[in-house]
Structures are given as C-alpha cells and as structure tokens.
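This report concerns only the one structure given below.
The values are calculated or read from the model by the stated rules, or taken from the named source; none is laboratory data. These figures come from a predicted structure and were not determined experimentally. Virtual Cβ from ideal backbone geometry, glycine too; neighbours counted across all protein chains shown.
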Amino acid sequence: MSQEPMQLSYDELLTAYNKLKDEVTMSNPFLGEAILRKLIINSPLAMFLCDIHGNIRLTNDAAARQTGFSIEKLETMSVTDLDADYSTVEMFTQFWENNPFNVSTLLSTRHITQSKGIILVEVNGIKLDLNGEVYVLGIVQDVTERTNLITKLRDKDRFFENAIDLFTISDFKGKFLTINRSWTRELGWPEEEFLVQPWLNFVHPDDVQRTLDVFEGIKAGKEFFQFENRYLSKDGSYKWIAWNAFPFVKEGLVYSVGRNITEQRELELTVKTNNEMLNKLAAQVPGVVYKYQLFPDGRSCFPYSSPGMYDIYEYHPEDLQTDALPVFGRLHPDDVDRVSEDIFTSAREQSLFESEFRVILPSKGVQWRMCNARPERLDDGSTLWYGIITDITDRKLKEEIINLSEQKYRIVADNTFNWEFWEDENGILVYVSPACLKVTGYTAEEFIHDKDLVEKIILPEDVSKFAKHKTHVKNAHGSDSCSFRIRTKTGEIKHIHHVCLPAYDSAGNYRGIRGTNLDVTESVLQINKIQALLTVEEEHTKRMRSFNHIVSHNLRSHTANMQGLLSIIEEEYPEFFENEYIRLLKQSSENLSQTLAHLNQVLNVDMIESKQWVEVNLLEYVNKAINSVSTLARFSDLRIEIDVPANIVLQTVPAYLESILLNLLTNGIKYSSPDRKSHLKIKATQHNNQITIQYIDNGIGIDLNRHSAAIFGMYKTFHGNKDSKGLGLFMTRNQIEAMGGKIEVESKVNVGTTFTITLPKSHTD
C-alpha cells in the first residue's frame, strides 16, 4: 500500500503512452515518441529513459534536482554510475532478461548524488519499444526522508511512552513555569528564553487566537485539551507542536505535553500534494487507473478508480466502490468465464494479471478492453490489484484488417512472377512463393527444407554483400535493397535485385523479414549494352571534337593569311579595292574570320576544367558588369535597379558568369523602348542549393508567339538592329547549361522582357 502514489503515476504514463502509440502508428509513427518525450521532460517526478546498456538517453529537471547533476551530465552517464551498492547492474540485467514489455516493476536501491550524498530510492521500471528501439523507462522517488521520518516517528513514540511524566507547566496568564526539553531543544532556543517570555511571543500569528480559545476553554472548566500550533524556532522557521493539556483550575496551572510533529505534518502535506497530483493525472489518462480488491468470501470491489471508469465500463467510480459485480455484467458472455478464471489464478499465484476481453456497453455496443494489474496479498487474506484498463477496440480492428491483408498478400504472392519470401525471427523461411522455381530452378519446398539454400546459390563473390545486407536490415529496423548474382539449378547465371523489410508484432517485437527477389538479368544485360554504346559514342564525340578543333584552327590560319595578303595588297595597290569584287572578297574574308571565331567559342563552351570553377560573390560580379556598361546606360537614359543580397556566393566559371551578366545587360540597353523612361531590374534569390537571377526590363519586348522556338538560336535576331549578330543569347544559354543551369524568358511586345536564370550554388565533378 505504501507504493500506491508511485504505482499510479507510472501506470498513468504507461497508459497514455500505449494509447497514443496505438492511435498514431498508422499515420505518424514518431508522434507517440514525441508525446512520451514531452511527458518525461515535464513530469514533476524524476524520470530516466535508458537504452539496453543502461545509458541514460533522456531525463528531466526533477532528476537533476534529485541527483544534483545537470541534465546534460546525466545524459552522458549510465545507471551504474549512480549505483551506491554495486547492485544496479545485476538488477538491470535481471529486469532486462526477465521482464516482458509494458509491465512495471518496483525496485529499491541506493543512489549516489552530487548534492545529498547517498539516498534511498524506489524505482518503478518498465521495458518499452519505441519505433523498434527497446528502452527502459524508470520513475525514481527519493524515499530517504520518508524512511528516516518513519524511523524517527517510531523512536519519538517510544520516547513519549517513556517520558510521559515530563510536562510543560504554564499559568493562565500565558507564562511558562517549566518546560519539556524534548521539543524546546529542537526549536533551538535556550531554556531561559521560554521561561522569561510569554508563550504568545513564540506562537505563529495565525495560531494565536486558536491557542487563546483553548485557554478560555480551560478557564471555563474543560478538563482535557488536544490541539496543535506552530512555534517560532531560533532559525526563523516555525515548527508544529502537538499538545495534550491537563488544567488544574484551582491551582491556576496547565500541565501539558508537547511533541514536535513538523516532519509528520510535512510528510502528510507531501503525500496530500502527491495524491492530488496523481488524481489529476489519473483523470487525464485514457482508460482507467484502478485498485480492485477480491475478498476471501468471493466479494469484490473497486476501492479506487479514476474518472475513466465511465469510458471503460459506463459506470461511475462511486458505483463500484463497494461492489464490482456490475462490471462483470458488462463482460461479453463468451469472455466471462475466462476473465474470472484469470482473476482467481492471479490471486492464487500472486502473478501479473494480463487479459484482453470484450465488453458490451449500453451506448457503444461491443468494445475491446486490455487489462494489466499487479496483485498484493493483504493481511486479511484478500488480494488487492493495482492496474490499468485501456480501450483497444481500434487496435483489434486494425489487427483484423492486417490479418485480412496478410491473407490477400499470400494469395497475391502465390500468383506473382516475383520470388517472394517470409523469414521468421530465427532466420527460418516460413513461406516462399511458387515463382522461385522459374527464377532459380528450385521449388519452394526445397528452399523451406534447406534454410541455407539461398546463400548456397549466390555467387561466392556476392555472399558477403548479401550477409552484410541482412545484418543491416535487422539492426537498422528499416527497408533496404541489394543486388547479387545466383547460379540456377541448370547452371545459368542470373542477376537478382533483392528488397526486404523487417516485420514486428503489435508489441514491437521483431518477427522476421518479408522480401522480394526480382530477376533483372535481362535489364542488366541491356544496361551493359547501352553502357558499351555510350562508351563508343563518347569516343566518337571526343574524335569529332578533336576534328572540329583541327578544322577550326587550320581554317583560321588560312583565313588569317588571306586577310594578311589582302591588307598588304590594299596598302600597296589601293586602287585595286576600287573594284567591287575585290571589296566583296575582303568583306567575305572578314565575315569568315568572325564566323570561325564564333564557332571556336561554341566549341570551347563544354571544355570546362575543374580548376576553372571558383567560389565568387554574385553582387560583386553584378556591380562589375554594370560598371562596364555604365557609360552606355547613361547615354541610353536607362535606370538600373539592383536587388541582389550581399551574402549570395556560388561556385561558377568566372568568365562565363561575366559573359552572361554582361550579355543580358547590353540586351536590356540595346532593346530599351524610346517611348518611355527605361529601367532594368536585376534581382537574385537563393533557395537551398539554387541561385535564381532575373533581368526584368520595360523595353520593346519580343513576340514569343513568332520567335519562342528560335530565341536562343545562333544568328537569330528579332528587331533588325544593325549591330545585332544573333550570337549573344545563343552563347548565354550554352554557358548557363554548361554550368548545370537553365534560362527562361517571358516577354510581351511593348511591355518588357524578363530573363530568369537558375544556377546551382555549388558544383560537383
């Protein structure tokens, strides 16, 4: 009975966690863990969440106050670091090996603290599964003060019995004539302080009137008084004193015995506060927290149950405090005998009561309930259970759906072309789909009979890869895949793509692996063929690039020679150039030289070496480009607005970036409208690993209905400007794409144009 506050608090937390986990697993498997974390962090009781090695993974302020260590320090420690008796390791190991999940166990030990030395503690521990990881959650209560107080109270009681003749004597005027040193010594005052001052000087102001009323009763002839009041101690605090007073009216004296009951009062206050807190918590827990008592004559009742009793059985707690029979009337007829037998077995063997059963409620109909309770044999021969009952109707419905889904899965697996399998927690194959015969040449029965057959048919050089994959899936608790080769029964080599997923039951226990093996031999062969073709194509591209550079270089040499000769002839025989054909020949030579220069630029776009990638500040390059065209912009009366954050940095080819920024700037100047005040806005933003640059102008615009397909083509112009070559946008797009980016355009005639460039923030080879 002394463990009730701790037991209730722990069961409340367990109920809340299980309910929340069942409700959210299908939609968000991490929400239940988040709620548990919140409960631990905000709990007024010291709580520790430990892994299987005893390492403290999560704790709270209450634990820090109790131990004197900070939360950060505690979360680097193990529970063995707090062990004062060198018994925690053994207890933790036994708890880990012997306790089932979601069942609390009460342990007693001593802890080392930084602030209070060694303290006595009671630990309520439970083993939980959190999203596939197993932890131990413990609520630790410091019972040092309570244990010592009980000892002191017993000692004081014995002392009182031996010193009952030691009285404090005072007169009706409120002055002590003699004092009992047993309680005054604890107040810290010298004896003479009480003898020279009226007792009212020591009584708490709130207790003065009540004490005066007692003396008025004495004067009126009342023969015996018991009362309590608070006395001032030397350190400024007040102590509770319990008085037994015997008046002798004729003598005008009062004989009394005083006992210091401060620790008892503080303990009562602590217990009251804890009970109030636990009652509030219990009221918020889904389900019901309860005490159930079975008497030797067969009667039973619920001495305590939280308000959740109505949700579970549709009875109010007060309806069942003296008789639990109405509850059994709610049980499903098919479950009554089983539940009753389980209760009597638990009482007889003092074993944990665990049961799932159905109830039939007036408003909800048939519902499923789960009960967990720990028994305690009382002195009168009755058994008292401390437990919780939760609503598991939703979970049962989900289990039915899962069972139905499993049946459907087996039907589908039996008829699929893929090689499906199920493996239990011991690595034994319990199901293999018939398709394995077509893939491997071996039947499903052969795989089930020989659990190592899969490893036997995997090529030796791939065996370690498959073994590593299986270990990873089991330990990481997640889906994974791998590829390997097998030798079929007929000796054929096949490529297999393997995908599997670990499976767990509703309690979070590992139950094996479900997987699929796909024959991807044909796909692998086709990929190899494609790879071979790509290799050939790459070699062909390299040769073509070399050829283009040779041709470009040689043609440029010949063109340069032609231009040189024409220049010499023009200088020595200027009259020749009066001939129209000679002038046309010179113009053609210049055009050919310019065309070759353009072609050479295009050829060089894809030849980016790693050393050309540099980290640059975008705003600096934008300002540099604007400075380059500042005179031209002023002459065109173009206002340029910059909206580029100073902290945008990207990896780029500086020459390309300068060319891009400058080309789009000159385009904005060149195609500004003569009919309105011209402006150009350069705006840049950054999102994750992408940089977006926009050039927004109010120029003459482009008719995209006519020119959208050719806008970035070589030698394409749209406005008839004499100085337009049609190469700028072509080169700009090639340079952007060579750096892994893209360019887009939006435009309306006589409204304006927006070019949007997207570039990666960083470059990877």
Which residue out of 736, 693, 743 is surrounded by 18 or more Cβ atoms within 10 Å (Cβ to Cβ), assigned to a helix (DSSP H, G or I), at pLDDT 80 or above and within 41 Å of the chain's Cα centre (by Cα)?
736
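Conditions (1) of a type outside the set (Val, Ile, Thr); (2) under 39 Å from the mean Cα position of the chain (by Cα); (3) surrounded by 14 or more Cβ atoms within 10 Å (Cβ to Cβ); (4) within 17 Å of residue 425 (Cα to Cα), marked per residue:
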| position | (1), (2), (3), (4) |
| --- | --- |
| 444 | yes, no, yes, no |
| 456 | yes, no, no, no |
| 466 | yes, yes, yes, no |
| 475 | yes, yes, no, yes |
| 488 | no, no, yes, no |
| 492 | yes, no, no, no |
Kindly state which strands (runs of 3 or more DSSP E) lie completely within segment 38-117 and contain at least 1 residues that are polar (S, T, N, Q).
56-59, 105-112
Segment 359-386 - residue that is among the acidic types (Asp, Glu) and assigned to a loop (DSSP other than H, G, I, E, B) and, of those, surrounded by the fewest Cβ atoms within 10 Å (Cβ to Cβ):
379
In this structure, is residue 657 closer than 28 Å to residue 751 by Cβ and assigned to a helix (DSSP H, G or I)?
no
Spot the failing condition for residue 731; the list is (1) among the aliphatic types (A, V, I, L, M); (2) assigned to a helix (DSSP H, G or I); (3) modelled with pLDDT of 85 or more, and only one is missed.
(3)
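Restricting to segment 660-689, count the residues that are closer than 20 Å to residue 634 by Cα, part of a strand (DSSP E or B) and aliphatic (A, V, I, L, M). It would help to see each step written out before you state the result.
First, the residues of segment 660-689 that are closer than 20 Å to residue 634 by Cα: 661-682.
Within this subset, residues satisfying the condition of being part of a strand (DSSP E or B) are 678-682.
If we keep only those that are aliphatic (A, V, I, L, M) too, we end up with 680, 682.
Residues meeting the conditions: 2.
Restricting attention to segment 322-339, which residues are in contact with a Cys (Cβ under 8 Å, 6 or more places away or on another chain) and surrounded by fewer than 18 Cβ atoms within 10 Å (Cβ to Cβ)?
Answer for segment 322-339, where residues must be in contact with a Cys (Cβ under 8 Å, 6 or more places away or on another chain) and surrounded by fewer than 18 Cβ atoms within 10 Å (Cβ to Cβ): 322, 323.
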Using the structure shown, decide if residue 521 is among the hydroxyl-bearing types (Ser, Thr, Tyr), at pLDDT 80 or above, surrounded by 10 or more Cβ atoms within 10 Å (Cβ to Cβ) and more than 30 Å from residue 102 (Cβ to Cβ).
yes
Exposed (fewer than 11 other Cβ atoms within 10 Å of the Cβ) and either modelled with pLDDT under 85 or in the same structural domain as residue 585 (by TED's automatic domain parsing) (or both): is that true of residue 543 in this structure?
yes
For segment 346-366 the number of residues that are polar (S, T, N, Q) and at positive phi is 1
Under 8 Å between Cβ atoms, at least 6 apart or on separate chains: pull out the pairs that start in segment 297-317 with a residue that is within 22 Å of residue 366 (Cα to Cα) and end on any residue that is aromatic (Phe, Trp, Tyr) and part of a loop (DSSP other than H, G, I, E, B).
309/315
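Residue-by-condition table, conditions (1) within 20 Å of the chain's Cα centre (by Cα); (2) more than 15 Å from residue 123 (Cα to Cα); (3) at pLDDT 90 or above:
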{"position": "17", "(1), (2), (3)": "yes, yes, no"}
{"position": "31", "(1), (2), (3)": "yes, yes, no"}
{"position": "41", "(1), (2), (3)": "yes, yes, no"}
{"position": "51", "(1), (2), (3)": "yes, yes, no"}
{"position": "61", "(1), (2), (3)": "no, yes, yes"}
{"position": "64", "(1), (2), (3)": "no, yes, yes"}
{"position": "81", "(1), (2), (3)": "no, yes, no"}
{"position": "95", "(1), (2), (3)": "no, no, no"}
If you go through segment 634-674 one residue at a time, how many are over 29 Å from residue 760 (Cα atoms) and without any contact (Cβ under 8 Å) to a residue 40 or more places away in the chain?
4
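Filter the helices (runs of 4 or more DSSP H) completely within segment 571-644 down to those with at least 1 residues that are modelled with pLDDT of 85 or more and on the phi < 0 side of the Ramachandran plot.
Working: elements: 580-604, 618-628, 630-635.
Of the helices (runs of 4 or more DSSP H) lying wholly inside segment 571-644, those with at least 1 residues that are modelled with pLDDT of 85 or more and on the phi < 0 side of the Ramachandran plot span 618-628.
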Say we look at segment 293-321 and pick out the residues that are in a strand (DSSP E or B) and in contact with a Pro (Cβ under 8 Å, 6 or more places away or on another chain); which of these is surrounded by the most Cβ atoms within 10 Å (Cβ to Cβ)?
305
